[in-house]
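Some notes on the structure that comes next.
Values in this text are rule-based calculations from the coordinates and carry no lab data. Only a predicted model underlies this, so the values are computations on that prediction, with no experimental measurement involved. Counting neighbours? That spans all protein chains shown, and the Cβs are built from the backbone with ideal geometry, glycine included.
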Amino acid sequence: MITVQRSTVIDAPIQVVWDILRDFNGHDRWHPAVDTSVVDDGKRTDQIGAVRNFRLTSGEKIREQLLSLSDRDHFFRYAIVESDIPLQNYVAEVSLKPVTDGNATYWSWTSRFNSPEGRETELADLVADGVYESGFAAIRARTQSLITPVSPSLATEKSLEGVAIHVDRHGGPEELYSAPVMAPAPGPGEVQIRQTAIGVNFIDIYCRSGYFDLLKPPGVPGMEAVGIVEAVGTNVRHLLRGQRVGYACPPVGAYATVRTMNAALVFPLPDFLDDQTAAAVLLKGMSAEFLVHRVHQIKKGEIALIYAPAGGVGRLLCQWAKHLGATVIGATSSEEKARVARAAGAHHVILPGSQSLEKQVMDITGDHGADVIYDAVGRDSFAHSVAALATCGHLVSYGQASGDIGARDIGSLASVSATLSRPNFGHYTDTPEKVAAITTRLFEAIERHVISVDIGNIFSLSQASDAHRALEGRKTTGSTIMIPDELRKGTS
Amino acid sequence: MPNVYISSVIPVPVERVWSMIRDFNGLPNWTSFVMESRIEEGLPADKIGCVRAFQLQDGGFIREKLLALSDYDYSFSYAILESPMGVENYIATVKLLPITDGGRTFAEWSAEFDCASAREDELVAHIGNNVFQSGLNTLKERVGA
C-alpha cells in the first residue's frame with residue numbers, strides 16, 4: 001500500500017479556506033487539474049455518500065464518493081469508486097487546522113492506495129504533485145487574490161468617502177436625497193464595504209414613510225446590498241479584504257456607496273452569483289426560504305395558496321413550493337400578473353371575479369381548501385384567507401400591502417382549527433448561524449434553478465426617489481436594484 | 001468545560017522539534033517559566049503514568065501525570081495532579097504535524113478543564129498566553145528557528 005502525505009500552510013483564516021474546500025463538487029472551480037464535475041443522482045454536495053463525477057483536463061474520468069465530512073473538525077474523507085487512472089482502494093483525507101498565532105491555516109492532504117506492479121512511483125508522484133501540490137498552489141493563489149488590494153487606498157485601513165441617500169424626516173419619495181457620507185475604518189467585529197449593488201424592497205418604503213420604526217430620521221434607508229470588502233476589524237475571521245460579500249438585515253443604511261457595519265451578518269457570495277443578481281435576491285430569497293422551510297415546512301401533496309404570486313417574494317414562493325411538491329394556487333389581480341404566476345409554477349391562478357376567493361379555492365380543491373396560505377395582502381384578505389383554509393390549515397400572514405392588518409377575532413380560526421403565523425424577517429436572520437443555514441439553501445436553490453431571479457428595474461443610486469415611486473406605484477415587475485452612479489456610467 | 005487551543009508554525013522539521021519536547025522531564029529546556037523538574041519515584045520520563053514535579057519561576061509548584069505518548073503521532077497528553085491555578089480535571093495534549101511544504105512543523109497545544117465559572121475567561125487567557133503561546137515561542141527560539 002502506498003501512502004502519500006502532503007501538507008502546507010495557507011495565509012488565510014481557516015473559515016475562508018474551508019468555505020472553498022468543503023464544497024465536494026466545487027473542485028472544478030479551483031483545481032487546475034479538474035475540468036468539469038457533477039454530483040450523481042442529484043445528491044447535495046455535502047451529503048455523505050454523494051459521488052462527484054468529474055473529468056480531468058488531461059481527459060481521464062474519475063468518480064469519487066464522500067465518506068465523511070465534519071464542519072467541526074474541518075475534515076473530509078473520500079474514496080475513488082471508478083477511475084480511468086489505476087488508483088486502487090484509494091482513500092484520501094483532507095484536514096484543516098487553525099494556526100492561532102497568525103490567523104493562517106494548516107492543511108493536510110493524505111491518501112493510501114494500491115497500484116499496478118511497477119507504476120508505484122509514477123502514481124505516487126501524480127497524486128502528490130499533480131493533485132495535492134497543485135491544489136495547494138491554486139488555493140494559495142485564490143486566497144491571495146482575495147486579499148489583493150483592489151484600489152491603492154487599501155494599503156492602510158482608513159475611512160472611506162462616498163455617497164448615501166439620506167432621509168431627514170418621514171414622508172414621500174421626495175424626502176430621499178443624495179449627500180456625501182463617510183464610512184469609518186472598521187472597529188472590532190466590523191467590516192468596511194465598497195458597495196456595488198443595492199436591493200430595493202417594500203420595507204424600505206415603510207421605513208421612509210415612518211410606517212415601520214426601523215429608521216429614525218435623520219438616517220439612511222436600505223436593508224440589502226452587495227459589495228467588496230475594503231477592510232475588516234479585529235475579531236473578524238470569516239471575511240477577507242477584497243472578497244465579494246452581501247447582507248440582508250437591519251439596521252438600515254444600505255443606500256450608500258460605502259458602509260461600515262457589524263460583520264456578523266455579512267457573508268461571502270458564491271462565484272456563480274453576480275453582484276446585481278445577489279442584490280436582487282438576498283432579502284426576498286431569504287424570506288422565501290424561511291417561509292417554505294421554517295415558518296411552514298411545505299410537504300409533497302399540500303395545497304398552497306400564494307397571494308401576489310407575481311411579486312418579488314410571491315414569485316419565489318410559487319417556484320419553491322412547486323419544487324417541494326405542493327399544488328400551487330396563485331391569487332392575483334390581472335391577467336398580466338397571472339401569466340407571471342403561471343410561468344413561476346402556479347398550477348392555478350385565481351382572479352377577482354363574480355365569485356369570492358374562498359369559493360374559487362374550494363372549487364379548485366374539491367372543497368378541501370388550502371393547507372397553507374401565504375398572505376402578503378393583510379387587511380383586505382384576512383377573512384377570505386381564513387375561509388379558504390383546509391381543516392387544520394396554516395395561515396402565514398407575512399405582509400400588509402393593503403394596509404395594517406389591525407385587530408382580529410381569533411375565534412374565527414376555530415372554524416377550521418387553523419394555525420396562524422405572523423413571522424418577522426429579523427427573528428429568522430439575527431444570528432450568523434441562522435443566516436448561514438438560510439443562505440446555504442438559498443444559494444443551492446439558485447444554482448439548481450429551483451428559483452430564478454428576475455431583475456426588472458435598475459436605477460442609479462442618485463435616482464432612489466424614482467425607484468421608490470416606481471415600486472409604490474406598482475409599476476415594477478421583478479426585483480428592483482440600484483447601482484452606484486459611477487459604476488452605472490461604467491457599464492451603460 | 002472551558003478549553004484552550006493554541007497552534008503555531010515552527011520553521012524546522014518535525015523530528016527536530018519532537019526530539020526537543022519528547023522528554024517529559026525536559027520543560028526547563030524549552031520553556032522560560034519552568035525552573036527545575038524531576039520525575040517522581042525515579043521512573044523513566046517516557047513511562048506512561050510517570051509524574052513530573054516542577055517548580056515555576058514565580059515559585060508555584062505543579063505535578064503532572066503522563067497519560068499518553070506516541071512517537072508515531074509526535075504527541076503526548078498529561079493531566080494536572082496538583083497546581084496553584086485552581087483547575088480540576090485538567091487534561092492537555094501537545095501534538096506536532098509535519099508541514100511537508102518547506103520541511104516545517106505545525107505545533108498544537110490544547111487543554112480542557114473545569115474551574116469556577118467566574119474564573120473561566122481569566123484562566124483560558126492565562127493558560128493560552130502565558131503557558132502555551134509562551135512555551136511555543138521559547139520552543140521556536142531553542143530549536144534554532
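Summing -39500 (n - 2.57) over the DSSP H runs of n ≥ 4 in the protein assembly as shown and dividing by its residue number, what mean residue ellipticity at 222 nm do you reach, to the nearest 500 deg cm²/dmol?
-6500 deg cm²/dmol
Hey, which lysines would be in cross-link range of residue A:475, C-alpha to C-alpha under 17 Å, not counting anything within fewer than 8 residues on its own chain?
Result set, ordered by chain and number: A:337.
Taking the Cα centre of region B:3-142 as origin, work out the dipole magnitude from +1 charges on Lys and Arg Cβ and -1 charges on Asp and Glu Cβ, in debye rounded to 20.
400
Answer with one residue from B:26, A:382, A:66: the one whose Cα lies farthest towards the positive end of the charge dipole of the protein assembly as shown, charges on Cβ with Lys, Arg +1 and Asp, Glu -1.
Result: A:382.
Among residues other than residue A:336 whose Cβ falls under 15 Å from its Cβ, what is the net charge (Lys/Arg +1, Asp/Glu -1)?
Around residue A:336, the surrounding residues sum to +4.
Taking R0 as 45 Å, what FRET efficiency do you get between residue A:177 and residue A:335 from their Cβ-Cβ distance, rounded to the nearest 0.05?
0.70
When you look at the Cβ of every residue in B:99-108, what mean number of other chain Cβ atoms sits within 10 Å?
5
Using the charge dipole of the protein assembly as shown (Lys, Arg: +1 at Cβ; Asp, Glu: -1 at Cβ; taken about the Cα centre), state which of A:89, A:27, B:74 has its Cα farthest towards the positive end.
So the residue furthest toward the plus end is A:27.
In degrees, nearest 10, range 0 to 90: what is the angle between the Cα axis of helix A:432-447 and the longest Cα principal axis of chain A?
90
Among A:279-287, B:40-48, how do they line up by average Cβ neighbours within 10 Å per residue, starting with the highest?
A:279-287, B:40-48
Using 1/(1 + (r/R0)^6) with R0 = 41 angstrom and r between the beta carbons of residue A:430 and residue B:138, what's the FRET efficiency to the nearest 0.05?
In this case the efficiency is close to 0.40.
Leaving out same-chain residues fewer than 8 places away, which lysines sit with a Cα under 29 Å from that of residue B:65?
A:97, B:47, B:95, B:140
Got a sec? Charge dipole of chain A, +1 on Cβ for Lys and Arg, -1 for Asp and Glu; which of A:47, A:106, A:414 is way out at the positive end?
A:414
Helix A:312-323: angle to the longest alpha-carbon principal axis of chain A, degrees 0 to 90, nearest 10?
60
Can you tell me which of B:89-100, A:6-17, A:348-359 comes out highest on packing, and rank the rest after it, using the mean Cβ neighbours within 10 Å?
A:6-17, B:89-100, A:348-359
For region A:20-31, in order, what is each residue's ³J(HN,Hα) by Karplus, 6.51 cos²θ - 1.76 cosθ + 1.60 with θ = phi - 60°, in whole Hz (x at glycine and Pro)?
7, 6, 6, 6, 4, 9, x, 5, 6, 8, 10, 7
Just the number, please: Stokes-Einstein D of chain B in µm²/s, Kirkwood Rh from C-alpha pairs, 25 °C, 0.890 mPa s.
Calculated translational D: 158 µm²/s.
To the nearest 20 debye, what is the magnitude of the charge dipole of chain A about its Cα centre, counting +1 on the Cβ of each Lys and Arg and -1 on the Cβ of each Asp and Glu?
About 560 debye.
Where does the charge balance sit around residue B:37 when Lys and Arg score +1, Asp and Glu -1, over other residues with C-beta under 11 Å from its C-beta?
Here the count lands on -1.
How much net charge surrounds residue B:27 when only the other residues with a Cβ under 13 Å from the Cβ of residue B:27 are counted, with Lys and Arg +1 and Asp and Glu -1?
Residues close to residue B:27 contribute a combined charge of +2.
Name the shape class, rounded, prolate or oblate, that the alpha-carbon gyration tensor gives for chain A, where a ≥ b ≥ c are the square roots of its eigenvalues, rounded holds for a/c under 1.5, and otherwise prolate holds if a/b is larger than b/c and oblate otherwise.
oblate
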